[in-house]
Amino acid sequence: MVTTADRRSAALAAIEQVLSGASAQAAESDLVDFKIEAGRRDRTGGVTSIGPEHAPVADQIAQEAACFANTTTGGVLVVGVDDKTAGPSALIGAESNADWLRRRIYALTRPPLTVDVEPIETHGIRLLLVNIPDALAETYVGDHKLRTRMGTDCVELTGDRARVFLEERRGYDWSAEPSGMRLSTADPDAILSATQHYQRRHGTGHLGPREIASRLKVLVDDEPDPELSRAGALLLCPFEPGRAQIDLLVTDAEGAASRKRIRKGAPVLPLYDEVMLCLLEEVFPGRSMIIAGENQVVRSLPELAFRESLVNAVMHRDYRIGRATIVALAIGEPAEVFKVRSPGGFVPGVSSSRLLATQSEPRNPALAEAVRILGLAEGEGVGIDSMFRVMLRDGHPEPEITEDGGEVLVRLAGGTPDLRVREFFDQVAKRKPVLALDVRAAIAIERLMTEPTLRPERLAMAAQSTAEDAARTLELLEQAGAVERLLDGSRSYRLAADARTALAHRIRYRTRVTMEDRVDQVEALLDLRPDIGRTDLVERLKMSPPYASRVLRAMVEAGRIEGTTRIRRGANMRYRRRRA
């Protein structure tokens, strides 16, 4: 396998060849390519300044980066070296801002490509090393042509060559590849950790190192001293020594010096245990309280939420990005905010607006399977749902999960949990156990604390589900006594009377009837009848005739209903929902 360090070493060696008198073009290889920034040469061949954020440079480097990404090894672009020149004079330097270039490459490629842009200085000249891992999916830029690197050239692939290329690339799992490390190199503490986690999850007796590795599916051969996959090496061995895998900082305020820090490399299992112990006992300590008749642990952030955010980072981060680590930041005294930043953006097909709806597709399937076998993560595809559910259950805001410059950022904002909200959810779950794990139920109640009514279509948007699933959740909440229909048989819901009492301190709207409330009632009435008139509002909704006319007129002007009869005025006018 070709690692980040291998690519970087090849680039530095190629630079030394040029400094020793070789032509830059001759020093290039299938791993290294020299480039000068677009616009650095003027018409006379002289060198000119372009500034730190010259857009054509990003376009140029993104194209070349995509070529390297569409290989099985990746590569390095050495920016600031003219490949048409030999010796030290080939080094003309790079002016581009490294962070700006990294972000622009990410923005210009599809799927977005995360690269490492490292400024270096040699002989007083600043260069940029753009270290590009092999991508999980084929990468395109601008014109959507498929290109890859062959030898020292970036070439376009078409026809059968493109078909063979795609067949070879798809199904690749970095974490399943052989690591070159044997089971005998596993750390004893990591083996002990794996055994303890496995036993807690599966209730088995004593297991030896080979047996536990086998059950984690991280062995790649049957030798007496078997080789481990990268997943196994990462979890159990000092894999890639000198490289930090997790960096936990505990600080009073973001940007302030940390009062505690844990920064270590593989093996990841004992490191994960150490970080979790710190979070559980020092950062977000728990206290026992009686809630809804049960002894429960209360923390400023739910354990499941910060555990899932950390485990998800371990499972889904891109391990091919050099000089990058999972950074976890606990903020406050006492800590109330937890942020986890992991290298690599969302995997293809995933976006922040569809996290609850998208089936989980781990970037590292073999690693994700081992982690789940150990019981460190929730069941497949439910980790994000669980984070949302437990945060809302304690009265906290929803998790913020975003993509930021090639990294995934999870932000959990906690504080003193609202025990009355937790007790309410516990009571609902006792009446209808199926709702205990339904994230749509938590989102529905949270929405109904901020707005008077909720329809399945609106819940479906908030919970990223189908309208049918949202309607079923509202029906179950109705059966549990948490919500009630605005009118019998309608699809508009509000909090039931007991729920409004229990959650009165959280309700953010006035309880007096407003025009919008009346509009919601008319929407509910249209669930029961194909059309309505002013008399229906007077008789069924107890409105005065003038006010009923005002409501209908407002709904017509808002485009929510339309007339169905030739009569355009008066008590006999009929209305229906406006057709799309």
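Quick notes on this one:
- Filter pass, LEU437 being closer than 20 Å to LEU301 by Cβ and under 23 Å from the mean Cα position of the chain (by Cα): yes
- For the residues VAL275, VAL337, VAL327, the requirement of being in a strand (DSSP E or B), among the β-branched types (Val, Ile, Thr), in the same structural domain as MET181 (by TED's automatic domain parsing) and over 30 Å from GLU138 (Cα atoms) singles out VAL337.
- Within segment 41-78, tally of residues that are farther than 22 Å from GLU156 by Cα and either in contact with a strand residue (DSSP E or B) (Cβ under 7 Å, 6 or more places away or on another chain) or in a loop (DSSP other than H, G, I, E, B) (or both): 14
- The selection criterion, being acidic (Asp, Glu) and either under 29 Å from ASP394 (Cβ atoms) or without any contact (Cβ under 8 Å) to a residue 40 or more places away in the chain (or both), does not hold for GLU227.
- Filter pass, LEU101 being out of contact with any Ser or Thr (no Cβ under 9 Å at 6 or more places or on another chain), surrounded by 14 or more Cβ atoms within 10 Å (Cβ to Cβ), at pLDDT 90 or above and over 24 Å from MET150 (Cβ atoms): yes
- Just one residue in the set ALA467, ALA460 is buried (at least 18 other Cβ atoms within 10 Å of the Cβ), closer than 30 Å to LYS430 by Cβ and within 34 Å of the chain's Cα centre (by Cα); that residue is ALA460.
- Segment 287-303, residues that are more than 22 Å from MET387 (Cα to Cα) and either in a loop (DSSP other than H, G, I, E, B) or touching a helix residue (DSSP H, G or I) at 6+ places or on another chain (Cβ under 7 Å) (or both): GLY293
- In segment 121-128, the count of residues that are under 13 Å from THR71 (Cα atoms) and part of a loop (DSSP other than H, G, I, E, B) is zero.
- Matching residues, segment 291-334, being on the phi > 0 side of the Ramachandran plot and crowded, with 17+ Cβ neighbours inside 10 Å: GLY332
Conditions (1) closer than 28 Å to LEU271 by Cα; (2) in contact with a Leu (Cβ under 6 Å, 6 or more places away or on another chain); (3) of a type in the set (Lys, Arg), marked per residue:
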{"position": "LEU127", "(1), (2), (3)": "no, no, no"}
{"position": "VAL130", "(1), (2), (3)": "no, yes, no"}
{"position": "ASP143", "(1), (2), (3)": "no, no, no"}
{"position": "GLU177", "(1), (2), (3)": "yes, no, no"}
{"position": "PRO188", "(1), (2), (3)": "yes, no, no"}
{"position": "LEU207", "(1), (2), (3)": "yes, no, no"}
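- Check on LEU376, hydrophobic (A, V, I, L, M, F, W, C) and modelled with pLDDT under 95: yes
- Residue in segment 266-279 that is surrounded by fewer than 18 Cβ atoms within 10 Å (Cβ to Cβ), of a type outside the set (A, V, I, L, M, F, W, C) and within 23 Å of the chain's Cα centre (by Cα) present: yes
- Yes/no for VAL297 being modelled with pLDDT under 95, closer than 28 Å to GLU398 by Cα, assigned by TED's automatic domain parsing to the domain that holds VAL371 and among the β-branched types (Val, Ile, Thr): yes
- Only one of the listed residues (ALA94, ALA135, ALA107) is out of contact with any strand residue (DSSP E or B) (no Cβ under 7 Å at 6 or more places or on another chain) and crowded, with 22+ Cβ neighbours inside 10 Å. That residue is ALA135.
- Spans of strands (runs of 3 or more DSSP E) in segment 175-264 with at least 3 residues in contact with a helix residue (DSSP H, G or I) (Cβ under 8 Å, 6 or more places away or on another chain) and surrounded by fewer than 17 Cβ atoms within 10 Å (Cβ to Cβ): none
- Counting only strands (runs of 3 or more DSSP E) that sit wholly inside segment 462-580, those with at least 1 residues that are more than 30 Å from GLU398 (Cβ to Cβ) are 561-563, 574-577.
- Residues satisfying the stated conditions in segment 230-279, i.e. among the hydroxyl-bearing types (Ser, Thr, Tyr) and over 18 Å from LEU192 (Cβ atoms): THR251, SER258
- Residue count, segment 77-96 (criterion: out of contact with any helix residue (DSSP H, G or I) (no Cβ under 8 Å at 6 or more places or on another chain) and not hydroxyl-bearing (Ser, Thr, Tyr)): 5
The values are calculated or read from the model by the stated rules, or taken from the named source; none is laboratory data. Keep in mind that what you see is a predicted model, and the values were worked out from it rather than measured. We place every Cβ from the backbone using ideal geometry, glycine too, and count neighbours over all the protein chains shown.
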